[in-house]
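Bear in mind that the values in this text are calculations on the coordinates, not laboratory data. Quick caveat: nothing in here was measured; it's all calculated off a predicted structure.
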C-alpha cells in the first residue's frame, strides 16, 4: 500500500494487454482495486507477497472473525 515499482513478470504479455486496452497505465492496479472496493462499500483488499507470487484477497464485508473478536463480543454474539 506504499509507493512501489511496477515490474511485470512477463513484459510481452503486459505490453499486449496495455495495447489492447486491458491495462491503462503501469503501477496503478493496486490503487484502483482499493478505490473500487471503497466505492462499492467493501473493505480494502489485502495484499500478500511471498516466494511463490503476489496475491490479492477480496473480502465481502468487514465482519471477519478477527474483527468480531476485536469487538469483545461473546461467542453467541459473534
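Here are the numbers:
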| item | result |
| --- | --- |
| Cα gyration tensor category, rounded, prolate or oblate, for segment 11-70 with a/c compared to 1.5 | oblate |
| Length gained when the stretch residue 49-residue 34 is fully extended (0.36 nm per residue, less Cα-Cα span) | 3.7 nm |
